[in-house]
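Colleague: Take this structure first; my questions come after.
The values are calculated or read from the model by the stated rules, or taken from the named source; none is laboratory data. Keep in mind the model is a prediction, meaning the values are calculated, not measured. We place every Cβ from the backbone using ideal geometry, glycine too, and count neighbours over all the protein chains shown. What goes into the accessible areas is simple: the full protein's heavy atoms, side chains included, and nothing from ligands, DNA or RNA. Shrake-Rupley method; radii C 1.70, N 1.55, O 1.52, S 1.80 Å.
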Amino acid sequence: MAESPQDRAAWLREELQRHERLYYGEAKPEISDRDFDRLMAELAAIEEKHPELRTADSPTRRVGGEPTEGFEQVEHEPPMLSLDNTYDHDELEEWVERLTRLLPDTGFEFICELKVDGVSLSLLYEDGVLTQAATRGNGRVGDLVTENARTIRTLPLRLPAAAPARLLVRAETYMRRSTFVALNEERAAAGQELYANPRNTTAGTVRLLDSRDVARRRLDLACYEWVQPAGDDAEERPSHGESLAALAGLGLPVNDSWRRCKGLDEVVAYCDDWQEKRGELDFEIDGVVVKVDDPELRDRLGATAKAPRWAVAFKFEAEQAETVVRAINAQVGRTGAVTPVAELEPVLVAGTTVKRATLHNYEDLARKDVRVGDAVVIEKGGDIIPKVVSVFEDRRGPESKPFAPPTECPVCGEKLYQPEEEALLRCVNAACPAVVREAIRHFASRNAMDIEGMGDWLVGELVGGGLVRDPADLYGLTVEQLADLKKTNDARLGEKAAARTVASLPESKQRSLSRLIYALGIRFVGDSTASLLARRFRTVDGLAAASAEELEEVDEIGARIAESVRAFFDSERNQVLLRRLKEAGLEFEEEDAAADENVDQPLEGQVFVLTGTLEGMTRNEAGARIKALGGKVTGSVSSRTTYLVAGEKAGSKLRKAEQLGVEVLTEAGLENLLSSNR
Ligand code: AMP
Ligand code: ZN
């Protein structure tokens, strides 16, 4: 009896999904990998012949194949925040005390979870189908990596019918130790360079452009947070523990090591237990995350700009290992700072092969008296750069002698300078290729001007070859200049790649003012400070003209940053650079500032919370209109809330606002406020 391709495909999909569950979910495979691959190949063949039978949740999607052209960006709502860290029991206790101070007379229950060391993803299921997967990016905007995420075999592409119409989940994707070891074995056999550790390999993998390559790396997934819709007033929201169980019930992978803990003592016991047992896991964890269980309490605790107040990470102690210093090299950074780096006999620490360790600066090095040939103890904790902690002085041979710091820049030969108040040595040659290279790499990087293909290698070539002396030179590059560069002895960069890079230059000129300010690489000005400055001064010229006092008037900007910004714009070299960047056509003004120099921000300083259903506009629209007038919109009511805007069916937030005496606006009231301030 001939089965129709449609029926056969449907059967294959079901069957493959069942085997995936058995294999990855329950570790009880019924068929061999080979037979699994055969079924998969059969389904792929049918879909190839009848593309109309290919569904969004087909297991063949895991094999990858849809090329991803760069990545689209997607906004995170709510943002993906970081976590505050604690490093010992006292700090955990302080955190619990802080909570108690914020909400006295409250009994807290906590959920403790493993802090898997991978890369966070935000997953969106709509009508039960995975429609979006995004990286954290800068927390507010991330890369859309849906095709890549589909290749994660433990990630369900379709949820059972019981799933809500819209489900937003935060999860960690990671690589198992065993997978990592196998991958490196393959690479060793192929004579390729080995990967450093599972975490970095995961980060690189998630952002690969070809999802077929991602599929081969076999990433895994652990879901840790069901993000309830913002401002949801449903009375019976699940506790965090309940929501983890519910996620698992929907077939999403949730690490089942989580526990509900009644108080500090149970939390501490959980942390200590896992610190001890971490080595038994087939994946790396760098700590434990402790979270308040009750959603109502979470709302009331709220978040800082950086992290929620209702959660904290307990970071495990760094792991140590013994090895030998082969050499001490000097590294020149973007600001010209020269720092010593120990080149080590490779050694395994916390699951990572460590080959280099930082020695911070030459003063530190001298104090520890680290010498070439020394046996040393190095330390590495999760995301921390390995460092040398101590030296076995008694094991030194007779030929050992103290390390002499360099007197000249290892890159340009310029005499090094030791600023009085700093422990660092500096190369003050503004044209030092190392300094220029770092500055340009920063300028072109993703969160700055995001110029395609402008990575380490290319920047090195351009600066080394004298084609580029400062960031403004980038905008004069031609395809011919690039296409000729030699990648290796027998390969050139090529027309295509060169054309892509050159084509992305005009695009990069359109980046926002805040990105440009960040890209300039002003000391102490990271991306969030850059965006504060952009918002306040609105043009490069306005910023350049601001006095130190005016700078310090900006929230969160202190004397140190203000001074550094002034010094940057006072430098004649930088003034020339800015002139040239302006001539090249970069965006020197905040977009809407151009239209109206004195845009009024009548709602500045006012904090709004929206709740319930609005009739005449969506909450997003309302939020956008409030923000356009300078107001702020947050998710939870506190004493700092100026207005609660209550639509239909407002619930707990309305009660909270009334308790706190926060002014409540109806939709009509909001409409009034917005139109009278326009
Ligand atoms: P950090 O990057 O140190 O600020 O820590 C925050 C990150 O920890 C999140 O972005 C997640 O990627 C990661 N993480 C791992 N496991 C968990 C967990 N169980 N709960 C929350 N975050 C986690
Ligand atoms: Zn130099």
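Colleague: So which residues in the range 307-321 are part of a loop (DSSP other than H, G, I, E, B) and in contact with a helix residue (DSSP H, G or I) (Cβ under 9 Å, 6 or more places away or on another chain)?
Modeller: Result: Arg309, Trp310, Phe316, Glu317.
Colleague: Picking from Glu507, Glu461, Glu495, Glu480, which residue would you name as being among the acidic types (Asp, Glu) and in contact with a strand residue (DSSP E or B) (Cβ under 9 Å, 6 or more places away or on another chain)?
Modeller: Glu461
Colleague: Assuming Arg150 fulfils every condition listed in (1) open to solvent by less than 10 Å² (accessible area, probe 1.4 Å); (2) within 18 Å of Arg61 (Cα to Cα) apart from one, which condition is it?
Modeller: Against the list (1) open to solvent by less than 10 Å² (accessible area, probe 1.4 Å); (2) within 18 Å of Arg61 (Cα to Cα), Arg150 comes up short only on (1).
Colleague: For the range 328-365, enumerate the residues that are in a loop (DSSP other than H, G, I, E, B) and more than 17 Å from Val428 (Cα to Cα).
Modeller: Within the range 328-365, Ala350, Gly351, Leu359, His360 qualify.
Colleague: Give the range 529-544 a look and list any residue that's assigned to a helix (DSSP H, G or I), open to solvent by 10 Å² or more (accessible area, probe 1.4 Å) and touching a residue at least 12 places away in the same chain (Cβ under 8 Å), or say none.
Modeller: Hits for the range 529-544 are Thr529, Ser531, Leu532, Arg535, Arg536, Asp541, Ala544.
Colleague: Follow-up question, since we're still on this one. Limited to the range 426-465, what total is found for residues that are under 19 Å from Leu493 (Cβ atoms), open to solvent by 30 Å² or more (accessible area, probe 1.4 Å) and within 16 Å of ligand 2 (Cβ to nearest atom)?
Modeller: Result for the range 426-465: 3.
Colleague: Now a separate question. For Glu461, only one of the following conditions fails: (1) touching an Asp or Glu at 6+ places or on another chain (Cβ under 9 Å); (2) away from ligand 1 (no atom under 16 Å from the Cβ). What is its number?
Modeller: Of everything listed in (1) touching an Asp or Glu at 6+ places or on another chain (Cβ under 9 Å); (2) away from ligand 1 (no atom under 16 Å from the Cβ), Glu461 misses just condition (1).
Colleague: State yes or no: is Pro410 open to solvent by 30 Å² or more (accessible area, probe 1.4 Å), near ligand 2 (Cβ under 10 Å from one of its atoms), under 20 Å from Ala357 (Cα atoms) and in contact (Cβ under 8 Å) with a residue 12 or more places away in the chain?
Modeller: Judged against the criteria, Pro410 is a match.
Colleague: Would you confirm whether any residue within the range 316-328 is within 16 Å of ligand 1 (Cβ to nearest atom), open to solvent by 30 Å² or more (accessible area, probe 1.4 Å) and among the aromatic types (Phe, Trp, Tyr)?
Modeller: no
Colleague: I'm checking my understanding of the structure. Among residues of the range 74-122 that are acidic (Asp, Glu), away from ligand 1 (no atom under 16 Å from the Cβ) and not in a loop (DSSP other than H, G, I, E, B), which one is most open to solvent (accessible area, probe 1.4 Å)?
Modeller: By that ranking, first place goes to Glu75.
Colleague: Would a scan of the range 154-174 turn up a residue that is more than 22 Å from Met40 (Cβ to Cβ), open to solvent by less than 40 Å² (accessible area, probe 1.4 Å), out of contact with any strand residue (DSSP E or B) (no Cβ under 8 Å at 6 or more places or on another chain) and modelled with pLDDT of 85 or more?
Modeller: No - not one qualifying residue is present in the range 154-174.
Colleague: Please state which of the following conditions Gly373 fails to meet, knowing it meets all the rest: (1) at negative phi; (2) of a type outside the set (Asp, Glu); (3) more than 16 Å from ligand 1 (Cβ to nearest atom).
Modeller: Every condition holds for Gly373 apart from (1).
Colleague: Which one is farthest from ligand 2 (Cβ to nearest atom) among residues in the range 314-366 that are closer than 30 Å to Ile522 by Cα and hydroxyl-bearing (Ser, Thr, Tyr)?
Modeller: Filtering the range 314-366 for residues that are closer than 30 Å to Ile522 by Cα and hydroxyl-bearing (Ser, Thr, Tyr), the one farthest from ligand 2 (Cβ to nearest atom) comes out as Thr358.
Colleague: What's the number of the only condition in (1) exposed (fewer than 14 other Cβ atoms within 10 Å of the Cβ); (2) free of Cβ contacts under 8 Å to residues at least 60 places away in the same chain that Glu591 fails to meet?
Modeller: Among (1) exposed (fewer than 14 other Cβ atoms within 10 Å of the Cβ); (2) free of Cβ contacts under 8 Å to residues at least 60 places away in the same chain, Glu591 violates only (2).
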